[in-house]
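Structure provided below as structure tokens; questions to follow.
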Amino acid sequence: MKITAFTCVKNEGPFLLEWIAYNRLLGVTGQLFYSNDCTDGTDTLLDVLAGHGIVQHLPNPAKSRKYQVEALRDARRQPIVTEADWLWNADVDEFLNIRVGDGTIPELIEACGGPDAISITHQHFASTPVTDFVDAPVIGQFTRSHNPDIWCDHLAIEVKTLMRADLPSDYWGAHRPFLKGFDKDRLPRWTDGSGRQVSRTFILNDADKRLFGYTARGARDFATLNHYALRSLDSYLVKIDRGDVNRENRAFDDTYWRERNDAAFEDTSIQRHLPKLHDGIAALKALPGVAQAHDDCVASHRATIDRLMAQDDYAATRAQLLAASPLPPAEDALIAMLQAARA
């Protein structure tokens, strides 16, 4: 089975080898990266890896700064995509955590009954209590998340979609494909992470706005999507400085942090992959030029942290985030309302 993963990156150098090695453990056979405006050596590291046949690396074709939209459009014509059986579009901070068998994509497909698409629900992992950047696998450092059934005040949580390459679609969104050419009485087999058919409304997107998720309760039996949007506090500051790789002018502020820093639950299930992951990363570093290119990215990341900490506004932001409520804003507001009602 040919499985291609593809993604967009900007200044993600220290985290690339982990994501690439982890995807290979899942059974991914090809990986396509689009990069733009990198200043930390991400593009250099990808070029070195591409030279060894590990990944394919292309400059992002975006002309309008809609980086992800235009990269997804371009990916549809790339042989590494068109010749695949299955496709996985995710970000470098997202790790598909499969809970059946050895945790591979073919096993997930089998567990779900061989569908045309599988949408896996996000599980956002908190930064707390990690403050300092460490050059070590992210999946080994962060183990706390929100209640898997509830994120902030939402029961419906966004997804990312594993899909057959031949699934007819009008276009690919970041979270799911949008279909075309289907008889509404004969819809594709499209499941959640528990192998249950998703709703007709979700498949057809019969709504006033685009549907990117559904109720999370019961949707994670076979797989969940570990999302490390924050990583360490220091790396989060670098993320603020970098900006969003997918769209311009997105704010990474106190609200974004608090919504994703809910540490109510512990989940270490993905760490069963750590021994093989360490071996996979070591194998990549053994390739000529890879270890040095990775180390250069790490050095650049640390230099950026030092530069930001020398600026009063970033030092103040770090202090603000350290002092921020551990609860998401919506939960804090609900508690305040209940306390006011009692008074």
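No value in this document is a laboratory result; all are computed from the given coordinates. The structure displayed is predicted, hence computed values, not measured ones. Every residue, glycine as well, gets a Cβ built from its backbone with ideal geometry; the counts of neighbours run over all protein chains shown.
Residue by residue, here is whether (1) aliphatic (A, V, I, L, M); (2) touching a residue at least 60 places away in the same chain (Cβ under 8 Å); (3) over 23 Å from ASN11 (Cβ atoms) holds:
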residue	(1), (2), (3)
ASN60	no, no, no
SER64	no, no, no
ARG76	no, yes, yes
PRO79	no, no, yes
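Specify the residue that is farthest from PHE95 (Cα to Cα); the eligible residues are those in the stretch 149-174 that are crowded, with 21+ Cβ neighbours inside 10 Å and not charged (D, E, K, R).
Taking the stretch 149-174 first, the residues crowded, with 21+ Cβ neighbours inside 10 Å are 151, 157, 159-163, 172.
From what's left, not charged (D, E, K, R): 151, 157, 159, 161-163, 172.
Values: TRP151: 18, ILE157: 16, VAL159: 12, THR161: 12, LEU162: 12, MET163: 16, TRP172: 20 Å.
By that ranking, first place goes to TRP172.
What's the number of the condition GLU259 fails, among (1) in contact with an Asp or Glu (Cβ under 9 Å, 6 or more places away or on another chain); (2) in a helix (DSSP H, G or I); (3) of a type in the set (Asp, Glu); (4) closer than 26 Å to ASN97 by Cβ?
(1)
From the set of residues in the stretch 119-132 that are buried (at least 21 other Cβ atoms within 10 Å of the Cβ) and touching a helix residue (DSSP H, G or I) at 6+ places or on another chain (Cβ under 6 Å), which is farthest from LEU162 (Cα to Cα)? Break it down stepwise before answering.
If we filter the stretch 119-132 for residues that are buried (at least 21 other Cβ atoms within 10 Å of the Cβ), which is where we start, we get 119-127.
Those left that are additionally touching a helix residue (DSSP H, G or I) at 6+ places or on another chain (Cβ under 6 Å): 124, 127.
Numbers: HIS124: 18, SER127: 26 Å.
So the residue we want is SER127.
Those residues that are assigned to a loop (DSSP other than H, G, I, E, B) and out of contact with any Ser or Thr (no Cβ under 9 Å at 6 or more places or on another chain), I need them from the stretch 312-343; list them, please.
First pass over the stretch 312-343, keeping only residues assigned to a loop (DSSP other than H, G, I, E, B): 324-328, 343.
Within the stretch 312-343, ALA324, SER325, LEU327, ALA343 meet the criteria.
Just to check your reading of the model, which residue among GLY51, GLY27, GLY103 is of a type in the set (Gly, Ala, Ser) and surrounded by fewer than 19 Cβ atoms within 10 Å (Cβ to Cβ)?
Details: GLY27 fails: surrounded by fewer than 19 Cβ atoms within 10 Å (Cβ to Cβ); GLY103 fails: surrounded by fewer than 19 Cβ atoms within 10 Å (Cβ to Cβ).
Among GLY51, GLY27, GLY103, only GLY51 is of a type in the set (Gly, Ala, Ser) and surrounded by fewer than 19 Cβ atoms within 10 Å (Cβ to Cβ).
Have a look at GLU70, GLU94 and point out the one that is surrounded by 17 or more Cβ atoms within 10 Å (Cβ to Cβ), out of contact with any helix residue (DSSP H, G or I) (no Cβ under 6 Å at 6 or more places or on another chain), within 25 Å of ALA117 (Cβ to Cβ) and free of Cβ contacts under 8 Å to residues at least 40 places away in the same chain. Give the derivation first.
Values: GLU94 fails: free of Cβ contacts under 8 Å to residues at least 40 places away in the same chain.
Of GLU70, GLU94, the one residue that is surrounded by 17 or more Cβ atoms within 10 Å (Cβ to Cβ), out of contact with any helix residue (DSSP H, G or I) (no Cβ under 6 Å at 6 or more places or on another chain), within 25 Å of ALA117 (Cβ to Cβ) and free of Cβ contacts under 8 Å to residues at least 40 places away in the same chain is GLU70.
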